[in-house]
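Encoded as structure tokens, the structure appears first; notes follow it.
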Amino acid sequence: MAFSILVCIKAVPDLSSGQKLVVEGDRIAQADIEWCMNSYDACSLEAALAIKDAEPQVTVDALSAGTEVVRPVIRGAMAMGADAGIHLPLEVDECTSAETVVAAIARYAEEKEYDLIFAGAISEDLMQGITGPMVAAELDRPCAAAAMAIDLDCSSKSLDVSCEMEGGMSEHIRLALPALVTVQTGGWQPRYPTLSNTLRSRKQPIQRVEANQGKADASAVRTLGLAPPPPASACRIIEGTPAEKADRLLSLFDEKGWLK
């Protein structure tokens, strides 16, 4: 019996490249920026692929809603092992609206009737943590958040999930399928793309599906401003000879009360 999984992935700025982000109004400028898959979404994709490895009848689709910058990230998901890639094109302004993104994803998922939907617990750029639960609400599906372990039982159409909670505690719940699960990092180590999947991903077209956004209210949440955080602390340079530096450093420690 066929079993289908949809994984929602997001393209975020690749800060490991050392690039400097440029703010344009209330958003990050998209030009000349390297993009990568959100790490939480990479873990959710790995969770889906692990299920596929154990259950041959499972198919995994990777979907991303956004501008053209998401397409290399979708192709990267296919290189990891996703069977198909779907791009829901959105304008730059629409990408920052959770309502618009959720409406587009929910309308597509509703038509395809996926048995299970995965999403990252949060995104590394906006860090709202609301997209997954909102999609579940739109589709009227049970939802588990911040999953650290997942056990799928296809025969009973149920899912056992262990979710991370505060204080080192965890919550163990069982969901009836179809359902949606947001995935926390730490439970899975995303796999490297294989050569065969990489070659396949280069030849296989990404499905471009015009986003049917339904009745989303894009004005429900507005970005009022965007700016880099202020420096955490100031740096003081001590100049002079080694002896003068030592004396000055000792005086500073005494001023801070660290020598008492």
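Exposed loop sites, defined as GluC sites (Glu not before Pro) outside DSSP H, G, I, E and B with at most 15 other Cβ atoms within 10 Å, are absent from the longest region of the chain, namely 114-209. In terms of overall dimensions, segment 3-208 has a Cα radius of gyration and Dmax of 16.3, 51 angstrom.
Can you give the helix-only mean residue ellipticity at 222 nm for the chain, where every DSSP H stretch with n ≥ 4 adds -39500 (n - 2.57) and the sum goes over all residues, rounded to the nearest 500 deg cm²/dmol?
Values: 7 runs with 78 residues, N = 260.
Helix contribution divided over all residues of the chain: -9000 deg cm²/dmol.
Between MET169 and GLU239, the FRET efficiency estimated from the beta carbon spacing at R0 = 41 angstrom works out to 0.20.
Across the chain, C-alpha contacts under 8 Å between residues 6 or more apart give a mean separation that, scaled by the residue count, equals a relative contact order of 23 percent.
Would you mind getting me the FRET efficiency between ARG200 and ASP93? Use the beta-carbon distance for r and R0 = 30 Å, nearest 0.05.
Efficiency at R0 = 30 Å is approximately 0.30.
Note on the chain: antiparallel DSSP beta bridges, both residues inside, total approximately 40 percent of the bridges counted.
Bear in mind that the values in this text are calculations on the coordinates, not laboratory data. Predicted model, so just to flag it, every value in this text is computed and none were measured. Please note: Cβ atoms are built from the backbone with ideal geometry, for glycine as well, and neighbour counts cover all protein chains shown.
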